[in-house]
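See structure below.
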Amino acid sequence: MSSSTVITNIATLVTNDPSLGDGSPLGLVQDAAVVLDGDRVVWTGESSKAPATDNRVDASGRAVLPGFVDSHSHLVFAGDRTQEFNARMSGRSYTAGGIRTTVAATRAASDAELEANLTRYLDEALRQGTTTFETKSGYGLTVEDESRALRLAAKHTDEVTYLGAHIVSPDYADDPAAYVALVTGEMLDACAPHARWIDVFCEKGAFDGDQARAILTAGKAKGLHPRIHANQLSHGPGVQLAVELDAASADHCTHLTDADVDALAHSSTVATLLPGAEFSTRAEWPDARRLLDAGVTVALSTDCNPGSSFTSSLPFCIALAVRDMRMTPDEAVWSATAGGAAALRRTDVGRLSPGARADLMLLDAPSHVHLAYRPGVPLVSGVWRGGVRVV
């Protein structure tokens, strides 16, 4: 039998339900309470009107938010790229080639080593408020290594993405067409049972538009839904391809034409922005303001990976988005919660209204704005996932 819990005396409750509270996209309720029963939210409202429950938690005038939804990460890998980062910060530029270093380390690692690494970063993210996460393969680039990455990831999340098309495998450097055939054939057959999504890095030095279309179309035929690394390092066909194929998300979206922005605004494809990557590579920031003003749905994610964005902290990404991508604190918090849920086509997470999963965090602050206002400070003091307090 499940027991019910009320969290009361909440200074500011972010529900992400505009029908609640102040009617804003964040659906803010002041002096609030939220009631959890089993793994669901069953009631939200003003503290004074909260129903009786089995258990009571006093928030002591702190803020409560939905758990973060990190819709883009690369957590199945071994080794790190400290030397590459150090070199880049000392003046050398980043190219996609650094991925090969991680591929070699990942292929050499045991299942136990890869899973221990994965759970370490998941625990790190959980302590910072992330309750739902997507993660990808892409550091094996063989049939065996890609399928084992997805098998390991699937033990820890439902949001698993097949990214055999991260770069052309070093083994096929002289025959990219043969590698595309592998990714859309034998490798796809081995990986599809463990994944929900298929992704491709559509970029100079990785896969062109025709290759990306072939890969995503093959995945769709196997029941995988597309997402795409698009327009990160230069302008390319990725965003238009995402919209054409009804991809759930086009990720990075740094180099966009007006036509790209317009296509996103008139589609159900989310633009997922990954400020950790720009921070870690000193690259040009995506213009979130331009996307938001055009009516594009925007998500914020960490892109946690050992090469270009080695952070698992969505609070850090929120602070970057507000400071350097011209988002308001409200927009950044919405994008890291409800936006991430939209990028995963989920309606059960990223919000705190009746029927939602009881995934939430308690901040050591009276308002969600403190996530950007107090950058680098560990404000998350409690996390519930599926109604169970885990932090």
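Just a yes or no: is a residue in region 230-239 in a helix (DSSP H, G or I) and open to solvent by 30 Å² or more (accessible area, probe 1.4 Å)? No: zero hits. Within the set 132, 119, the sole residue that is touching a Lys or Arg at 6+ places or on another chain (Cβ under 8 Å) and closer than 28 Å to residue 378 by Cα turns out to be 132. Residue 90 meets all of the listed conditions (1) open to solvent by 60 Å² or more (accessible area, probe 1.4 Å); (2) among the hydroxyl-bearing types (Ser, Thr, Tyr); (3) closer than 30 Å to residue 353 by Cβ but one, namely (3). A search for C-beta distances below 7 Å between a residue of region 297-309 that is on the phi > 0 side of the Ramachandran plot and any residue that is open to solvent by less than 10 Å² (accessible area, probe 1.4 Å) and aliphatic (A, V, I, L, M), counting only pairs 6+ apart in sequence or on different chains, returns 303/274; 303/277.
Against the numbered list (1) touching a residue at least 60 places away in the same chain (Cβ under 8 Å); (2) open to solvent by 20 Å² or more (accessible area, probe 1.4 Å); (3) of a type in the set (Lys, Arg), residue 136 comes up short only at (2). Cβ separations smaller than 7 Å between residues 6+ apart or across chains give the following pairs from region 331-352 residues that are closer than 21 Å to residue 36 by Cβ to residues that are open to solvent by 10 Å² or more (accessible area, probe 1.4 Å) and assigned to a helix (DSSP H, G or I): 350/338; 351/338.
Name every residue in region 220-229 that is assigned to a loop (DSSP other than H, G, I, E, B), open to solvent by less than 60 Å² (accessible area, probe 1.4 Å) and either more than 19 Å from residue 342 (Cβ to Cβ) or of a type in the set (A, V, I, L, M) (or both), in order of residue number. Full working, then the answer.
Here is the first cut: in region 220-229, the ones assigned to a loop (DSSP other than H, G, I, E, B) are 222-224, 227.
Narrowing further to those that are open to solvent by less than 60 Å² (accessible area, probe 1.4 Å): 224, 227.
Scanning region 220-229 gives a single hit, 224.
Can you confirm whether region 94-104 contains a residue that is part of a helix (DSSP H, G or I), in contact with a strand residue (DSSP E or B) (Cβ under 9 Å, 6 or more places away or on another chain) and farther than 18 Å from residue 277 by Cα? Within region 94-104, none of the residues are part of a helix (DSSP H, G or I), in contact with a strand residue (DSSP E or B) (Cβ under 9 Å, 6 or more places away or on another chain) and farther than 18 Å from residue 277 by Cα. Consider residue 63 carefully, then state whether it is open to solvent by 60 Å² or more (accessible area, probe 1.4 Å) and among the hydrophobic types (A, V, I, L, M, F, W, C). Judged against the criteria, residue 63 is not a match.
What do you reckon, is residue 206 in contact with a Pro (Cβ under 9 Å, 6 or more places away or on another chain) and within 17 Å of residue 308 (Cβ to Cβ)? Please lay out each step first, then the result.
Details: in contact with a Pro (Cβ under 9 Å, 6 or more places away or on another chain): no; within 17 Å of residue 308 (Cβ to Cβ): yes.
So residue 206 fails the test.
The single residue among 70, 80, 111 that is buried (at least 24 other Cβ atoms within 10 Å of the Cβ) and of a type outside the set (A, V, I, L, M) turns out to be 70.
In region 184-205, the residues that are in contact (Cβ under 8 Å) with a residue 60 or more places away in the chain and of a type outside the set (Asp, Glu) form Cβ pairs under 6 Å with partners that are surrounded by fewer than 22 Cβ atoms within 10 Å (Cβ to Cβ) and in a helix (DSSP H, G or I), at six or more places apart or across chains, as follows: 205/96. Summed over region 201-219, the residues that are touching a helix residue (DSSP H, G or I) at 6+ places or on another chain (Cβ under 8 Å) and open to solvent by 50 Å² or more (accessible area, probe 1.4 Å) give a count of 2. Taken over region 240-265, the criterion of being farther than 20 Å from residue 217 by Cβ, of a type outside the set (A, V, I, L, M, F, W, C), open to solvent by less than 10 Å² (accessible area, probe 1.4 Å) and outside any helix (DSSP H, G or I) is satisfied by 252 alone.
Each residue in region 181-195 was checked for being part of a loop (DSSP other than H, G, I, E, B) and buried (at least 20 other Cβ atoms within 10 Å of the Cβ), and 1 pass. Being in contact (Cβ under 8 Å) with a residue 60 or more places away in the chain, surrounded by fewer than 24 Cβ atoms within 10 Å (Cβ to Cβ) and in contact with a strand residue (DSSP E or B) (Cβ under 9 Å, 6 or more places away or on another chain), is that true of even one residue in region 143-157? The answer is no, given that none of the residues of region 143-157 is in contact (Cβ under 8 Å) with a residue 60 or more places away in the chain, surrounded by fewer than 24 Cβ atoms within 10 Å (Cβ to Cβ) and in contact with a strand residue (DSSP E or B) (Cβ under 9 Å, 6 or more places away or on another chain). Every listed requirement among (1) over 30 Å from residue 51 (Cβ atoms); (2) touching a residue at least 60 places away in the same chain (Cβ under 8 Å); (3) among the acidic types (Asp, Glu); (4) open to solvent by 10 Å² or more (accessible area, probe 1.4 Å) is met by residue 284 save one, (2).
Considering region 1-43, the residues that are part of a strand (DSSP E or B), among the polar types (S, T, N, Q) and under 23 Å from residue 339 (Cα atoms) include one that is most open to solvent (accessible area, probe 1.4 Å), namely 30.
Condition check: of a type in the set (A, V, I, L, M) and touching a strand residue (DSSP E or B) at 6+ places or on another chain (Cβ under 6 Å). Does residue 192 satisfy that? Steps first, please.
Working: of a type in the set (A, V, I, L, M): yes; touching a strand residue (DSSP E or B) at 6+ places or on another chain (Cβ under 6 Å): no.
Judged against the criteria, residue 192 is not a match.
Going through (1) among the small types (Gly, Ala, Ser); (2) surrounded by 17 or more Cβ atoms within 10 Å (Cβ to Cβ); (3) within 18 Å of residue 299 (Cβ to Cβ) one by one, residue 268 falls short only on (2).
The values are calculated or read from the model by the stated rules, or taken from the named source; none is laboratory data. Please read all numbers here as calculations on a predicted model, not as lab measurements. We place every Cβ from the backbone using ideal geometry, glycine too, and count neighbours over all the protein chains shown. Ligands, DNA and RNA are stripped out before the accessible areas are found, and what is left, the full protein with its side chains, is counted by its heavy atoms. Shrake-Rupley method; radii C 1.70, N 1.55, O 1.52, S 1.80 Å.
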